[in-house]
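K.L.:
A single structure is presented below for examination.
Please treat every number below as a calculation from the coordinates, not as lab data. Source: prediction; values computed, not measured. Every residue, glycine as well, gets a Cβ built from its backbone with ideal geometry; the counts of neighbours run over all protein chains shown.
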Amino acid sequence: MTRVAVFGTGSWGTAFAMVLGDAGCEVTLWGRRREVTEAINADHSNPDYLPGVVLPQTVRATTEPEEAAHQAEFTVLAVPSQSLRENLTRWAPSLPADTVLVSLMKGVELGTVQRMSEVVAEVTGAGAERIAVLTGPNLAKEIAARQPAAAVVACRDLTVAERLQAACHTPYFRPYTNQDVTGCELGGAVKNVIALAVGIADGMGLGDNAKASLITRGLAETARLGAEMGADPRTFAGLAGMGDLVATCSSPLSRNHTFGTNLGRGMTLAETVAVTQQTAEGVKSCESVRDLARRHSIEMPITETVFDIVHREKPPQVALKELMGRSAKSESV
């Protein structure tokens, strides 16, 4: 039986632990709060994030990193992206030397503008063959309900990607392999920013034409940045690109879309943060993605607009007028 450690007992970490358990793995969740880990062990449920969802008997939890990581073939990292470096620095001494490090996170680190796999490599010293990414249209509550979903498992080493694919393949969760780690991570990070934009449009009462335009041009921004960074352009037409973008921009379960909707309705950033229970990665990633694009001299006007609304308190109506007033150009640019 494959042993897997999952660091993070939020909704996605818990849901993916369920997937792994259903696929036949022995899973140990690490959680910071003892009351959550005790509930998982006693009731096979995470009452804070996925109440009512019954976890497999092969899933247990602990607050001790060493216990979670013991003999783990895969170590899954499921914490907010901006806290990864600090957490992983603390966990790294406990991790087996040959464990495959799997990122579930969709963000770009503030300051360094590193993708999550780059943070993992820097902190742990692991080579590319030991770092994998799982991404795609994976809304945690739907997966926790065991509704059909597909995902991408990406690693430079195809053999490792295939091992991870086998470890999380269930009748309701279908993973595909990919070796384009850069493209998969960019798709996952930028879609959160675009989902904020679509949410803002919804909050402003704009129609489906506007939302479809934001999704399509948002994908174009992602692809431009990806091309500059060496990603495979086909990735952005797949689950890690268009698939994840559509799900995050259209579902009421999307934290980023909901966050944007509140901003579009006129709530301030502080008010929106106050009513948001879980992390909306795009709120911070809109700054780091913008900085990454500027570093590569890539124009990303939707990302710039979202940053201005979120962090510079530009009124959405003003930002919309400026975005629509940009000079006309070819769609291929």
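K.L.:
Quick check: net charge around residue 130, other residues with Cβ under 9 Å of its Cβ, Lys/Arg +1 and Asp/Glu -1? Could the numbers behind the result be given before it?
P.N.:
Values: positive: none; negative: 98, 129, 157.
Taking every other residue near residue 130 into account, the sum is -3.
K.L.:
Shifting gears a bit: Would you report the distance distribution of C-alpha pairs in region 81-200 as whole percents per 5 angstrom bin, up to the bin with the largest distance?
P.N.:
2, 11, 20, 21, 20, 16, 7, 2, 0
K.L.:
OK, next. Does region 291-333 come out rounded, prolate or oblate, given a ≥ b ≥ c as the square roots of the eigenvalues of its C-alpha gyration tensor, rounded meaning a/c under 1.5 and, failing that, prolate meaning a/b above b/c? Walk me through the numbers on the way to the answer.
P.N.:
Numbers: a/c = 3.50, a/b = 1.19, b/c = 2.94.
Oblate shape, in that a/c is at least 1.5 and b/c is the bigger or equal ratio.
K.L.:
If you don't mind, another one. Would you pull out the residues with amide H under 5 Å of residue 174's amide H, same chain only if 5 or more places away, H placed 1.01 Å from N?
P.N.:
Amide H neighbours of residue 174: 149, 150, 151.
K.L.:
Starting from the Kirkwood Rh over alpha-carbon pairs, what translational D in µm² s⁻¹ does region 164-243 have by Stokes-Einstein at 20 °C and 1.002 mPa s? Intermediate results must be reported in sequence, preceding the final value.
P.N.:
Working: Rh = 13.7 Å.
The estimated diffusion coefficient comes to 156 µm²/s.
K.L.:
Can you say what percent of the DSSP beta bridges in region 115-209, counting only those with both residues inside, are antiparallel? Round to 5. It would help to have the intermediate numbers written out before the result.
P.N.:
Details: 3 of 9 bridges.
Rounded to the nearest five, the antiparallel share is 35 percent.
K.L.:
Check which residues have an amide H placed less than 5 Å from residue 6's amide H, if you skip close sequence neighbours.
P.N.:
Amide H to amide H, under 5 Å and 5 or more residues apart or across chains, residue 6 pairs with 28, 29, 30, 76.
K.L.:
Here's a follow-up. For residue 281, what is the net charge nearby, where nearby means another residue's Cβ is under 9 Å from its Cβ and Lys, Arg count +1, Asp, Glu -1? Present the calculation step by step, with values, prior to reporting the outcome.
P.N.:
Numbers: positive: 106, 255, 284; negative: none.
Neighbourhood net charge equals +3.
K.L.:
Can you list the HN-Hα couplings for region 2-7, worked out from phi with the Karplus curve (6.51, -1.76, 1.60; θ = phi - 60°), rounded to whole Hz and with x for Gly and Pro?
P.N.:
6, 9, 9, 9, 10, 9
K.L.:
Also: Two decimals is fine: what's Rg over Rh for region 57-97, C-alpha atoms, Kirkwood radius as Rh? If you can, show how the numbers build up before the last one.
P.N.:
Working: Rg = 10.8 Å, Rh = 11.2 Å.
The Rg/Rh ratio comes out at 0.96.
K.L.:
About its Cα centre, how strong a charge dipole does the chain have in debye, to the nearest 20, once Lys and Arg get +1 and Asp and Glu get -1 at the Cβ?
P.N.:
Details: 31 positive and 37 negative charges, 132 e Å.
Here the size comes out at about 640 debye.
K.L.:
Largest first, please: the extent of the C-alpha atoms of region 3-179 along each principal axis, to the nearest Å.
P.N.:
Between the extreme Cα coordinates on each principal axis of region 3-179 lie 38, 32, 30 Å.
K.L.:
Now, a different point. Would you please state the base-10 log of I(q)/I(0) at q = 0.15 1/Å for region 82-123, with intensities from the Debye formula using one equal scatterer on every alpha carbon?
P.N.:
The Cα Debye sum returns log10 ratios of -0.34.
K.L.:
Using the alpha carbons of region 201-333, what is the convex hull volume per residue in cubic angstrom, as a whole number?
P.N.:
Roughly 113 Å³ of hull volume per residue.
K.L.:
Once you list every other residue whose beta carbon is under 15 Å from the beta carbon of residue 54, what net charge do they have if Lys and Arg are +1 and Asp and Glu are -1? Mind showing how you got there, number by number?
P.N.:
Working: positive: 60, 141, 146; negative: 22, 43.
My count for the surroundings of residue 54 gives +1.
K.L.:
What would the Debye formula give as log10 I(q)/I(0) at q = 0.11 Å⁻¹ for the alpha-carbon point model of the chain, no solvent?
P.N.:
Evaluating at q = 0.11 Å⁻¹ gives log10 I(q)/I(0) of -0.67.
K.L.:
Calculate one ³J(HN,Hα) per residue across region 99-106 by plugging θ = phi - 60° into the Karplus curve 6.51 cos²θ - 1.76 cosθ + 1.60, and present them in order as whole Hz with x for glycine and proline.
P.N.:
5, 8, 8, 10, 8, 9, 8, 10
K.L.:
Where does each of 317-325, 216-224, 37-45 land if you order them by average Cβ count within 10 Å, highest first?
P.N.:
216-224, 37-45, 317-325
K.L.:
Straight-line reach from residue 106: which lysines have a Cα under 18 Å away, not including same-chain ones fewer than 8 places off?
P.N.:
The qualifying lysines are 141, 191, 284.
K.L.:
Could you tell me the relative contact order of the chain? Use alpha-carbon pairs under 8 Å, at least six residues apart, and round to a whole percent. Don't jump to the answer; show the numbers that get you there.
P.N.:
Working: 675 pairs, mean separation 47.9, N = 333.
About 14 percent, as a whole number.
K.L.:
Read phi for every residue in region 60-74 and hand back ³J(HN,Hα) as whole Hz from Karplus 6.51 cos²θ - 1.76 cosθ + 1.60, θ = phi - 60°, with x for Gly and Pro.
P.N.:
Per-residue couplings from phi come out as 9, 9, 8, 9, 9, x, 4, 5, 5, 7, 4, 6, 6, 6, 10 Hz.
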